[in-house]
Amino acid sequence: MTRRTVRIAMNGMTGRMGYRQHLVRSVLALREQGGLDLGDGTVLWPEPVLVGRREDALREIAGRHGLAHVSTDLDAVLADPAVDVYFDSQVTSAREASIRKAITAGKHVYTEKPTATGLDGALELARLARRKGIRHGVVQDKIFLPGLRKLKRLVDGGFFGRVLSVRGEFGYWVFEGDRQPAQRPSWNYRAEDGGGIVVDMFPHWEYVLHELFGRVVSVQALATTHIPRRWDEHGRPYGATADDAAYGIFELDGGAVAQINSSWAVRVHRDELVEFQVDGTEGSAVAGLRHCRAQHLSATPRPVWDPDVPATEVFRDQWREVPDDTESGNGFKAQWELFLRHVHAGTPYRWDLLAGARGVQLAELGLRSSAEGRRVDVPEIVL
């Protein structure tokens, strides 16, 4: 067995998502399992290089996990020929320029989304990556979660017949920060820093809908700021300039309609923080992060509307759990494994910077739809 080291410059690891999901639960988890076995006698050994602005924070993380390499000089890290891959989990407003530097330096790129603050920038990154001949990927973690993998299995097996509609509910109450600390960083609520739930979540909905049901061909959205005043990490009040809730209707190629509500100002009354209900001519299913329940046409009850008579049916009991067919681990780690295989073994990989640009496009057009109060077509983009 040959061990091959892949050195990964990881930018943004002092943030919640970068540290927990990408460093600890993905890259370090790969090291804990002995590396990534490529199946040809080669094991990839990921070696993180932590990059950021605060050297003391980087060194604290490195010391906690026994890592050797930290730097506050991104240019120097990208100039190092030993660095193979650049990963970006910074705030949105800083991402585009850093990715452009990495591509120019000839590094393979894997990044969180959105890839840029606007479609023009996102497309330019995809074009630059193609010209440089580097391999590139964008995090699209939701489709690697157990619940949505089960849902895709139903779609691929023809369970639904013709899909009619998709209804999604996402969100939870993010505390304002005065009486209880907020669960999200304050920049999420400042548009000038790249914040807003449309920019954050519409790229997710684009790839979920695209992957499972078809391309989004139009969007009608209402974005709003329900909580206009919040408190930052230092206890200082500030005015929220970004949307914290969005209500979207998406027409899909093929005629299905998706309606997805996204909110950081909603209290949870569902089984999981995100749930999708899919209704088709032959069956329906409800999927969350981990679970998926289905009801076939042959087992569909015959409810009758009568507001004067108490309901005697327990409707939830009429759905059947879709079983696991494979062992599902962390969705972020699963996609890291696929991307590293793509980089070093050339295996197919379609979740690239062009796919990331589609997510940026949908967010941009969703905000335009909300501002103009109308439905907006979503043209297909090609490089």
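Could you please find all residues in the range 22-36 being over 19 Å from residue 342 (Cβ atoms) and in contact (Cβ under 8 Å) with a residue 60 or more places away in the chain?
Result: 25, single match.
Looking at the range 320-329, which of the residues that are in contact with a strand residue (DSSP E or B) (Cβ under 9 Å, 6 or more places away or on another chain) and charged (D, E, K, R) is surrounded by the most Cβ atoms within 10 Å (Cβ to Cβ)?
Looking at residues that are in contact with a strand residue (DSSP E or B) (Cβ under 9 Å, 6 or more places away or on another chain) and charged (D, E, K, R), I get 320.
For the range 234-252, give me the residue count where each residue is buried (at least 20 other Cβ atoms within 10 Å of the Cβ), more than 19 Å from the chain's Cα centre (by Cα) and under 21 Å from residue 214 (Cβ atoms).
Looking only at that region, the number is 1.
Residue by residue through the range 235-249, note down the ones that are β-branched (Val, Ile, Thr) and in a strand (DSSP E or B).
Initial filter on the range 235-249 (β-branched (Val, Ile, Thr)): 241, 249.
If the condition is that a residue be β-branched (Val, Ile, Thr) and in a strand (DSSP E or B), then 249 is the only one that fits.
Could you say which residue among 264, 231 is under 21 Å from the mean Cα position of the chain (by Cα), at negative phi and aromatic (Phe, Trp, Tyr)?
264
Please list, ordered by first then second residue, the pairs with beta carbon atoms under 6 Å, 6 or more apart or interchain, first in the range 56-70 and assigned by TED's automatic domain parsing to the domain that holds residue 8 and at pLDDT 95 or above, second basic (Lys, Arg) and part of a helix (DSSP H, G or I).
70/59
Residue by residue, here is whether (1) in contact with a strand residue (DSSP E or B) (Cβ under 9 Å, 6 or more places away or on another chain); (2) farther than 16 Å from residue 335 by Cα holds:
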site: 30; (1), (2): yes, no
site: 35; (1), (2): yes, no
site: 39; (1), (2): no, yes
site: 46; (1), (2): yes, no
site: 54; (1), (2): no, yes
site: 67; (1), (2): yes, yes
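So for the range 38-46 (the condition being modelled with pLDDT of 95 or more, touching a helix residue (DSSP H, G or I) at 6+ places or on another chain (Cβ under 9 Å) and surrounded by fewer than 17 Cβ atoms within 10 Å (Cβ to Cβ)), does at least one residue qualify?
Yes, the range 38-46 contains a residue that is modelled with pLDDT of 95 or more, touching a helix residue (DSSP H, G or I) at 6+ places or on another chain (Cβ under 9 Å) and surrounded by fewer than 17 Cβ atoms within 10 Å (Cβ to Cβ).
If I filter the range 292-304 for residues that are basic (Lys, Arg), within 30 Å of residue 155 (Cα to Cα) and assigned to a strand (DSSP E or B), do I get at least one hit?
Yes: one or more hits.
With the checklist (1) modelled with pLDDT of 95 or more; (2) surrounded by 11 or more Cβ atoms within 10 Å (Cβ to Cβ); (3) more than 30 Å from residue 380 (Cβ to Cβ) in hand, flag the one item residue 267 doesn't pass.
Every condition holds for residue 267 apart from (2).
Restricting attention to the range 82-90, does a residue exist that is assigned to a loop (DSSP other than H, G, I, E, B) and out of contact with any helix residue (DSSP H, G or I) (no Cβ under 9 Å at 6 or more places or on another chain)? Before the answer, list the steps.
Taking the range 82-90 first, the residues assigned to a loop (DSSP other than H, G, I, E, B) are 82, 89-90.
If we keep only those that are out of contact with any helix residue (DSSP H, G or I) (no Cβ under 9 Å at 6 or more places or on another chain) as well, we get 82.
Yes, some residue in the range 82-90 is assigned to a loop (DSSP other than H, G, I, E, B) and out of contact with any helix residue (DSSP H, G or I) (no Cβ under 9 Å at 6 or more places or on another chain).
Applying the selection to the range 95-141, what residues are β-branched (Val, Ile, Thr), more than 15 Å from residue 361 (Cα to Cα) and outside any loop (DSSP other than H, G, I, E, B)?
99, 103, 104, 109, 111
Output the number of residues of the range 1-20 satisfying the condition of being assigned to a strand (DSSP E or B) and closer than 15 Å to residue 31 by Cβ.
Of the range 1-20, the ones assigned to a strand (DSSP E or B) are 2-11.
Checking which are closer than 15 Å to residue 31 by Cβ leaves us with 3-8, 10.
So the answer is 7.
For the range 330-375, how many residues meet the condition of being surrounded by fewer than 17 Cβ atoms within 10 Å (Cβ to Cβ), under 30 Å from residue 224 (Cβ atoms) and among the aliphatic types (A, V, I, L, M)?
The number of residues fulfilling the criteria is 1.
If we scan the range 190-204, do we find a residue that is touching a Phe, Trp or Tyr at 6+ places or on another chain (Cβ under 8 Å), among the aromatic types (Phe, Trp, Tyr), within 23 Å of residue 91 (Cβ to Cβ) and surrounded by 19 or more Cβ atoms within 10 Å (Cβ to Cβ)?
The answer is no; no qualifying residue exists.
Can you pull out every residue in the range 308-367 that is in a loop (DSSP other than H, G, I, E, B), among the aromatic types (Phe, Trp, Tyr) and either within 24 Å of the chain's Cα centre (by Cα) or assigned by TED's automatic domain parsing to the domain that holds residue 83 (or both)? Full working, then the answer.
Just the residues of the range 308-367 that are in a loop (DSSP other than H, G, I, E, B), to begin with: 308-314, 319, 322-330, 346-352.
Then keep just the ones that are among the aromatic types (Phe, Trp, Tyr); that gives 319, 349, 351.
Once the filter is applied, which keeps residues that are in a loop (DSSP other than H, G, I, E, B), among the aromatic types (Phe, Trp, Tyr) and either within 24 Å of the chain's Cα centre (by Cα) or assigned by TED's automatic domain parsing to the domain that holds residue 83 (or both), the range 308-367 yields 349, 351.
Kindly indicate whether any position in the range 48-57 is within 30 Å of residue 191 (Cβ to Cβ), in a strand (DSSP E or B) and out of contact with any Cys (no Cβ under 6 Å at 6 or more places or on another chain).
Within the range 48-57, one or more residues are within 30 Å of residue 191 (Cβ to Cβ), in a strand (DSSP E or B) and out of contact with any Cys (no Cβ under 6 Å at 6 or more places or on another chain).
The values are calculated or read from the model by the stated rules, or taken from the named source; none is laboratory data. These numbers come from a predicted model, not from an experiment. Don't worry about glycine lacking a Cβ; one is built from the backbone with ideal geometry, like all the others, and counts go over all protein chains shown.
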